[in-house]
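Engineer: Right, I'll just put the structure down here and ask away after.
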There are 2 protein chains.
Amino acid sequence: MLIALDAMGGDHAPMEICKGAILACSQHNDIQIALIGRPEAIKPHIETASAEILKRLNIVEAEEVIDMAEAPAVAIRRKRKSSLHIAMQMVHSGEAVGCVSAGNTGAIVAGGVLIVGRIKGIDRPGLGIPLPAVERVSLLIDVGATVRCKPLNLHQFALMGDVYMRTIQSVERPMIGLLSNGSEEIKGDELIQETRNLFKNSHLNFVGNVEGQDIPIGVTDVVVCEGLTGNILLKFIEGTGEALFSLMKAEIQKRFLAKIGMAFMLPMLKELSRRFDYERTGGTPLLGVNGAVIKAHGRSKARAISSALGVTRDFVSKNGVQAIVEELEEGGVRSGN
Amino acid sequence: MLIALDAMGGDHAPMEICKGAILACSQHNDIQIALIGRPEAIKPHIETASAEILKRLNIVEAEEVIDMAEAPAVAIRRKRKSSLHIAMQMVHSGEAVGCVSAGNTGAIVAGGVLIVGRIKGIDRPGLGIPLPAVERVSLLIDVGATVRCKPLNLHQFALMGDVYMRTIQSVERPMIGLLSNGSEEIKGDELIQETRNLFKNSHLNFVGNVEGQDIPIGVTDVVVCEGLTGNILLKFIEGTGEALFSLMKAEIQKRFLAKIGMAFMLPMLKELSRRFDYERTGGTPLLGVNGAVIKAHGRSKARAISSALGVTRDFVSKNGVQAIVEELEEGGVRSGN
């Protein structure tokens with residue numbers, strides 16, 4: 001299968017993206033990768049790959065690049081020769097089975113809707129992030145594709161999250177939680193209360209409202225929220241990890257005994273950080289678009305890109321898009337579009 | 001000064017509330033405390049106090065208690081003999097200079113609005129939490145008083161947060177941030193964009209949108225958001241602390257060397273946890289109501305209650321309410337009420 005890879009998107013593009021492509025090819029024999037971007041920027045980073053892998057890497061020329069700071073919908077419409085636009089086109093035309101980008105999230109969402117297109121009946125796409133928590137990995141959806149939502153959007157996120165956890169993560173009957181400011185029925189605003197009723201009257205395994213403290217524990221398999229909330233939470237989590245790490249480092253520098261202690265604790269800290277390592281997940285599908293569009297973290301290095309390519313392969317092999325189409329037909333929650 | 005204390009509110013009421021009252025009296029010579037609740041439940045916990053302190057503790061009888069799970073506005077209206085209702089009445093009548101409760105947050109907010117009353121011109125009150133971050137303590141406002149907001153509400157939270165940080169925390173010219181899903185001007189929804197314009201055209205030291213990752217760093221002195229988002233974030237923070245602690249404990253149990261390491265690192269971990277200890281802050285004023293209404297954490301023990309009483313004393317001494325009144329007159333951002 002051919003996967004389109006935006007070689008120019010992300011903080012460490014193109015070098016780490018190219019390295020990730022090589023790594024993924026060495027891990028999966030059945031994939032080929034179209035590296036999309038400026039050939040002269042890509043070539044130096046793939047030269048060292050083995051002949052067998054080089055055969056499976058094609059460079060597809062793209063003159064333009066969409067920056068992280070550009071207005072997403074405008075950029076994706078105007079920059080028709082950008083690496084991201086071309087990657088999306090390849091998915092739309094069927095030339096590639098899916099695409100991966102670590103670039104501008106808004107542009108990936110806009111491209112997913114405008115170029116790849118929505119699944120019939122889906123009002124707005126949702127970006128879910130599998131969050132490692134104490135008891136399980138929970139899918140937090142949406143984390144920024146749809147900033148403000150209608151009850152229909154949250155309902156569709158729940159259905160797509162349910163499909164994702166069943167199909168891709170092999171969770172038998174995913175527990176669905178609706179993020180609110182309290183577990184009681186009276187909590188939340190109109191949006192949350194209307195959504196709650198939609199969930200209750202669906203075939204979803206809805207277990208009720210969840211609160212902020214339930215997320216690190218991992219009380220449900222899917223946590224549904226508006227994109228604004230999910231985005232703030234996700235970035236808060238990343239920032240907290242970094243802040244704590246730098247604080248600990250500073251404290252350890254100051255204290256000799258703490259340095260010794262740290263050495264003893266390393267295996268434990270490694271185990272903890274392994275559990276919460278987003279590079280192991282690497283990429284997450286934009287759910288609700290008519291193809292496998294996988295968003296990798298902007299800071300992705302080779303290992304994360306390779307994981308994202310693995311996620312794409314998995315999502316395609318398991319017919320992720322088709323599973324959502326079928327779910328919508330059964331669930332009967334389509335918008336008018 | 002007489003402070004009204006809801007002796008029946010909170011997870012550890014009445015024992016820890018009473019202990020907290022004794023502790024506060026031993027720390028501050030100028031306060032007296034009205035312990036409001038069932039006399040037979042309160043008495044056993046204050047018997048051991050010294051005669052000097054006992055003189056400054058008055059029990060005020062209240063037959064009813066508002067539960068954590070009750071619908072706030074209904075409970076505060078109906079239970080006129082509840083400890084919380086009576087505490088609020090004492091503030092409204094001027095009998096007490098302020099009140100503290102670790103009870104049902106919604107009922108405290110409802111009571112603040114319905115019994116103590118709003119400051120003229122304030123549309124909705126805001127509950128701010130001082131969050132310890134790497135670079136400073138940031139006030140996160142609102143964390144649940146006003147679930148969904150209009151631009152006016154967010155603007156008033158910013159003004160009140162500014163006053164709070166200047167008056168109570170002695171920050172000279174507080175930097176104000178608006179929580180959004182991106183730092184760029186185009187990010188956010190209509191609410192955020194309209195609020196941004198209000199901030200820009202005010203005398204506030206508005207430094208722009210802040211994102212989730214800016215909170216643990218402490219980029220601004222005040223972080224303004226809707227109550228729903230703030231509440232979810234706050235509970236997430238608490239839950240994460242607990243989850244990490246229990247994970248570390250479990251890992252340490254499994255590893256002998258980690259136990260030794262932990263012993264060496266204890267001074268450092270204590271220093272870190274001291275920095276992030278909410279018990280040191282203990283209570284936070286419901287900003288926008290016409291009196292010192294201080295909300296303590298539901299899980300407060302004696303030390304946190306004592307801190308909350310100290311916060312009340314401080315807020316009253318520094319004329320916190322009057323400072324907000326003056327700010328509104330100068331800022332000219334009143335609602336029509």
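Throughout, read-outs are computed from the coordinates displayed, never taken from laboratory work. Predicted model only: the values in this text are computed from it and were never measured. Don't worry about glycine lacking a Cβ; one is built from the backbone with ideal geometry, like all the others, and counts go over all protein chains shown.
Engineer: Under a crude label model (7 Å from the Cα following the beta-carbon direction), how far is B:N201 from A:K150 in nanometres?
Structural biologist: For B:N201 paired with A:K150, the spin-label model returns 3.1 nm.
Engineer: Further, regarding this structure: I want to verify a result. In a Gaussian network model of chain A, Cα cutoff 10 Å, which of these has the top mean-square fluctuation: A:P39, A:P174, A:P14?
Structural biologist: A:P39
Engineer: Can you classify the stretch B:103-248 as rounded, prolate or oblate using the Cα gyration tensor, where a ≥ b ≥ c are the square roots of its eigenvalues, rounded means a/c under 1.5, and otherwise it's prolate if a/b beats b/c and oblate if not?
Structural biologist: Values: a/c = 1.45, a/b = 1.08, b/c = 1.34.
Note, shape of the stretch B:103-248 comes out rounded.
Engineer: Neighbour counts of other C-beta atoms within 10 Å: give me A:F245, A:F206 arranged from fewest to most. All intermediate terms of the calculation are to be shown ahead of the outcome.
Structural biologist: Details: A:F245 12, A:F206 22.
By the 10 Å Cβ count, ascending: A:F245, A:F206.
Engineer: Using helices alone, what [θ] at 222 nm do you get for chain B, with -39,500 (n - 2.57) per DSSP H run of 4 or more residues, divided over all residues and rounded to the nearest 500? Provide the component values of the computation, followed by the final result.
Structural biologist: Details: 14 runs with 162 residues, N = 337.
Result for chain B, helices only: -15000 deg cm²/dmol.
Engineer: Oh, and also: Using 0.36 nm per residue of separation minus the Cα-Cα distance, give me the extension gain between B:A73 and B:F245 in nm, one decimal. Please list the in-between numbers first.
Structural biologist: Details: separation 172, 0.36 × 172 = 61.92 nm, distance 3.60 nm.
Gain on extension, B:A73 to B:F245, equals 58.3 nm.
Engineer: Given R₀ = 25 Å, what would the calculated FRET efficiency be for B:E330 paired with B:Q169, taking r from the Cβ atoms and rounding to 0.05?
Structural biologist: Numbers: r = 20 Å, r/R0 = 0.79.
For R0 = 25 Å, the calculated efficiency reads 0.80.
Engineer: Can you give the three extents of the C-alpha atoms in chain B along their principal axes, from longest to shortest, in whole Å?
Structural biologist: Result, largest extent first: 63, 60, 36 Å.
Engineer: Quick one: which residues, 5+ away or cross-chain, put their amide H under 5 Å from the amide H of B:G218? H built at 1.01 Å from N.
Structural biologist: Residues meeting the amide H criterion: B:V134, B:E135.
Engineer: Would you mind checking which residues have amide H under 5 Å from A:S138's amide H? H placed 1.01 Å from N; only 5 or more apart, or other chain.
Structural biologist: Placed amide hydrogens put A:L131, A:A133 under 5 Å from A:S138.
Engineer: Mind jotting down a quarter of the surface of the convex hull over the alpha carbons of the stretch A:1-98, in square nanometres, one decimal?
Structural biologist: Numbers: hull surface 23.8 nm².
Averaged projected area of the stretch A:1-98's Cα convex hull equals 5.9 nm².
Engineer: Moving to a separate point now. Given the pairs B:K19/B:K55; A:K235/B:K200; B:K235/B:K318, which span a C-alpha to C-alpha distance of over 18 angstrom in this model? Can you show the working numbers first?
Structural biologist: Working: B:K19/B:K55 15 Å; A:K235/B:K200 25 Å; B:K235/B:K318 30 Å.
Listed pairs above 18 Å: A:K235/B:K200; B:K235/B:K318.
Engineer: OK, next. Once phi is turned into ³J(HN,Hα) by the Karplus curve 6.51 cos²θ - 1.76 cosθ + 1.60 with θ = phi - 60°, what whole-Hz value does each residue of the stretch B:181-194 show in order, with x for glycine and proline?
Structural biologist: Computed from phi, the couplings for the stretch B:181-194 are 8, x, 7, 5, 4, 6, 7, x, 10, 4, 4, 5, 5, 5 Hz.
Engineer: Under a 5 Å amide H to amide H cut-off, with H placed in plane at 1.01 Å, what residues pair with A:G208 once short-range neighbours are removed?
Structural biologist: It is A:L178, by chain and number.
Engineer: Taking 2.2 N^0.38 Å as the expected size of a compact globular protein, what ratio does the Cα radius of gyration of the protein assembly as shown give against it, to two decimals? List each step's numbers first, then the result.
Structural biologist: Working: Rg = 27.1 Å, N = 674, 2.2 N^0.38 = 26.1 Å.
Ratio of Cα Rg to 2.2 N^0.38 Å: 1.04.
Engineer: Take peptides B:30-36, A:186-192, A:45-51 and line them up by average Cβ neighbours within 10 Å, highest first, as a rough protection proxy. Don't jump to the answer; show the numbers that get you there.
Structural biologist: Numbers: B:30-36: 21.6, A:186-192: 17.6, A:45-51: 13.3.
Ranking, from highest mean packing down: B:30-36, A:186-192, A:45-51.
Engineer: By how many nm would the segment from A:K81 to A:E135 grow when fully extended, if each residue of separation counts as 0.36 nm and the alpha-carbon distance is taken off?
Structural biologist: Details: separation 54, 0.36 × 54 = 19.44 nm, distance 4.47 nm.
Net length gain for the segment: 15.0 nm.
Engineer: Once phi is turned into θ = phi - 60°, what whole-Hz ³J(HN,Hα) does the Karplus curve with 6.51, -1.76 and 1.60 give for every residue of the stretch A:25-30, x standing for Gly and Pro?
Structural biologist: After applying 6.51 cos²θ - 1.76 cosθ + 1.60, I find 5, 6, 8, 10, 6, 9 Hz.
Engineer: Considering only the other residues whose Cβ falls under 12 Å of the Cβ of A:G128, what net charge follows from Lys and Arg at +1 and Asp and Glu at -1? Each step should come with its number before you reach the end.
Structural biologist: Values: positive: A:K295; negative: A:D142, A:D162, A:D221.
Local net charge: -2.
Engineer: Next up: How much of the DSSP beta bridge set in the stretch A:124-254 is antiparallel, as a percent to the nearest 5? Don't skip to the end; give the middle numbers.
Structural biologist: Working: 5 of 16 bridges.
Given both bridge residues lie in the stretch A:124-254, the antiparallel proportion sits at roughly 30 percent.
Engineer: Considering every residue in B:235-247, what mean count of other chain Cβ atoms within 10 Å of its Cβ is obtained? Walk me through the intermediate numbers first.
Structural biologist: Numbers: counts 9, 12, 5, 4, 10, 11, 3, 4, 8, 6, 0, 3, 7.
Mean partner-chain Cβ count within 10 Å for B:235-247: 6.
Engineer: Ok, one more. Report, as an integer, the average count of C-beta atoms from other chains found within 10 Å of each Cβ along A:207-219.
Structural biologist: Numbers: counts 0, 0, 0, 2, 7, 12, 11, 3, 6, 12, 5, 1, 1.
Neighbouring Cβ atoms belonging to other protein chains average 5 per residue here.
Engineer: Around B:Q213, what is the net charge, scoring Lys/Arg as +1 and Asp/Glu as -1 over all other residues with Cβ under 9 Å from its Cβ? Intermediate results must be reported in sequence, preceding the final value.
Structural biologist: Values: positive: A:K235; negative: A:E238, A:E242, B:E211, B:D214.
Taking every other residue near B:Q213 into account, the sum is -3.
Engineer: What is the sum of charges around B:E242, taking Lys and Arg as +1, Asp and Glu as -1, for the other residues whose C-beta is under 11 Å from the C-beta of B:E242? Don't skip to the answer; put the middle values down first.
Structural biologist: Details: positive: B:K235, B:K249, B:R299; negative: B:E238.
Taking every other residue near B:E242 into account, the sum is +2.
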